[in-house]
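A.B. asks: The structure under discussion is supplied below as structure tokens; questions concerning it will follow.
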Amino acid sequence: MEAVYIHIPFCKSICSYCDFSKMFYNKEFANNYLAALEKEINTNYQNEKIKTLYIGGGTPNSLSDVELERLFKILKIINLQDNYEYTIECNIELLTENQINLFNKYGINRVSIGIQTFNEKYLKFLNRNHTKEEVFNKIKLLKKKGIDNINIDLIYGIPGQTKEELLEDINLFKSLDIPHISTYSLIIEPHTVLYNKHIKNIDEDLDREMYDLIIKNLDNYKHYETSNFAKTGFESKHNLTYWNNANYYGFGLGASGYINNIRYDNTRNIDAYIKGDYLKEQEELDFNTTVENEFILGFRKIDGISIDTFYNKYHINMLDIDIVKKLLEEGKLVNIDNKVRISDDYLYIANEILIDFLGVNYEKYSI
Ligand SMILES: C[S@@+](CC[C@H](N)C(=O)[O-])C[C@H]1O[C@@H](n2cnc3c(N)ncnc32)[C@H](O)[C@@H]1O
Ligand code: SF4
């Protein structure tokens, strides 16, 4: 077991694009929720040593200081290895000095912040509530208090946004001097305000040009995953667990986990969750689906999938697989230093390539 994900579903305001498992913060729900979460963890966690603990949301720092401290005390049961990574997602306008003190007291060493954009017009469109000055001041405060392993999220492809406006955002993001940046092309998800207003996604060509613009301009970062950029040594260890198709617990409303070949999803119904009916569904994965996932997740990493690691996990020589051979010949995949990866020109259409890895009988290649 490598990682633990904890979901805190509360937010103080709801963004127009968000389809995450979330609800307005409410004190009574928060109290009952923390009690249910504690029970779920204590019942299921088997005391394994864990490399990364990640508190995501929702907005974990929408909890009061007392509730946050209660959460951190509950999580002390998680047995963290030396060199652990312990992340909390935060909304910057809610972040206070007291919260940062609590992070330090309980060993949290990484903070992930959804900034999305600095452009006031688009902040309003996305229903985000921070100012540029606030972002710069709070980040300075985090660093001053010793937390410099920080991620910031950027959203691009906002309807009406020009490449020049995106470049302004990129330059401001760069000027914050943060070691990790996650970028997301805006998706108009069903059940969101934008969807209900019939807002449409931007043109695909412009989306690609914006993706290229980001890659070109974040050249002082390592582009290590389709949408993620980091200074050396600051790659997200937690997210690498997912992309390496390794095991992790997911606790909380709507959380997902992957343990001993079983993938599970928790309920998104808060009443059911508080009653202790945590699980929504689970599925045992067969060998072929497990290998399929190894490719689909692993090819998100820019360096690709190690041939040796793949062999050790599945007793298959990756280069024997027909679809791998074909894509290598076509130049859509490349083998560099014994790692197979999607070649740069095809990165943007990775999903089209990954379809070819579905439904293959991998068992027949097993040695
Ligand atoms: C759970 S939120 C991050 C924490 C915090 N709640 C916040 O919003 O600042 C995860 C990130 O996913 C991205 N995201 C969520 N919904 C999205 C969508 N529909 N399209 C693109 N990016 C999205 C945003 O960048 C967001 O910061
Ligand atoms: S993006 Fe973050 S703050 Fe906004 S509604 Fe979703 S989880 Fe809440």
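A.B. asks: With loop defined by DSSP as not H, G, I, E or B, and exposure as at most 12 other Cβ atoms within 10 Å, which is the longest segment of the chain clear of exposed trypsin sites (Lys or Arg not before Pro)?
C.D. replies: Free of exposed loop sites, the longest segment is 1-196.
A.B. asks: Just name one of I77, S112, G57: the one whose Cα is farthest towards the positive end of the charge dipole of segment 34-145 (beta-carbon charges, Lys/Arg +1, Asp/Glu -1).
C.D. replies: S112
A.B. asks: With θ set to phi - 60° and the Karplus curve 6.51 cos²θ - 1.76 cosθ + 1.60, what are the ³J(HN,Hα) couplings of segment 198-206 in order, to the nearest whole Hz, using x for Gly and Pro?
C.D. replies: 6, 6, 9, 5, 6, 4, 4, 5, 5
A.B. asks: Taking C-beta distances below 4.7 angstrom as the pairing criterion, name the unpartnered cysteines of the chain, in sequence order.
C.D. replies: C11, C90
A.B. asks: Just check segment 107-214 against the gyration tensor rule for me: Cα atoms, a ≥ b ≥ c as the square roots of the eigenvalues, rounded for a/c under 1.5, and otherwise prolate or oblate depending on whether a/b exceeds b/c.
C.D. replies: prolate
A.B. asks: Here is a further query. State, in angstrom, two size descriptors of the chain derived from its alpha carbons: Rg to one decimal place and Dmax to the nearest whole number.
C.D. replies: Final numbers for Rg and Dmax: 20.9, 60 Å.
A.B. asks: Here's a follow-up. Between Y106 and L319, what is 0.36 nm times their sequence separation minus the Cα-Cα distance? Round to one decimal in nm.
C.D. replies: 72.1 nm
A.B. asks: Let me ask something else. Could you work out the relative contact order of segment 1-122, using alpha carbon pairs under 8 angstrom and six or more residues apart, expressed as a whole percent?
C.D. replies: Relative contact order here is 27 percent.
A.B. asks: Give the percent of DSSP beta bridges with both residues in segment 92-243 that are antiparallel, rounded to the nearest 5.
C.D. replies: Taking every DSSP beta bridge with both residues in segment 92-243, the antiparallel ones total about 35 percent.
A.B. asks: Per-residue HN-Hα couplings for segment 231-239, Karplus 6.51 cos²θ - 1.76 cosθ + 1.60 at θ = phi - 60°, whole Hz, x for Gly and Pro?
C.D. replies: 3J(HN,Hα) across segment 231-239, in whole Hz: 6, 3, x, 10, 4, 6, 5, 5, 5.
A.B. asks: What does the extension gain come out to for I336 and D286, with contour length at 0.36 nm per residue minus their alpha carbon separation?
C.D. replies: Result: 15.0 nm gained on full extension.
A.B. asks: If we count other beta carbons within 10 Å of each Cβ, what is the order of D265, D169, D337, fewest first?
C.D. replies: D337, D265, D169
A.B. asks: R0 = 35 Å: FRET efficiency of E120 with N312, Cβ-based, nearest 0.05?
C.D. replies: Taking R0 as 35 Å, the efficiency between E120 and N312 is 0.10.
A.B. asks: Using the number of other C-beta atoms within 10 angstrom as an exposure proxy, rank V291, V334 with the fewest first.
C.D. replies: V334, V291
A.B. asks: If you rank H223, H191 by fewest surrounding Cβ atoms within 10 Å, what's the result?
C.D. replies: H191, H223
Read the figures in this text as sums done on the coordinates, not as results from a lab. Computed from a prediction, not measured in an experiment: that's the story for all the values here. All Cβ positions, even for glycine, are placed from backbone atoms using ideal geometry, and neighbour counts span all protein chains on display.
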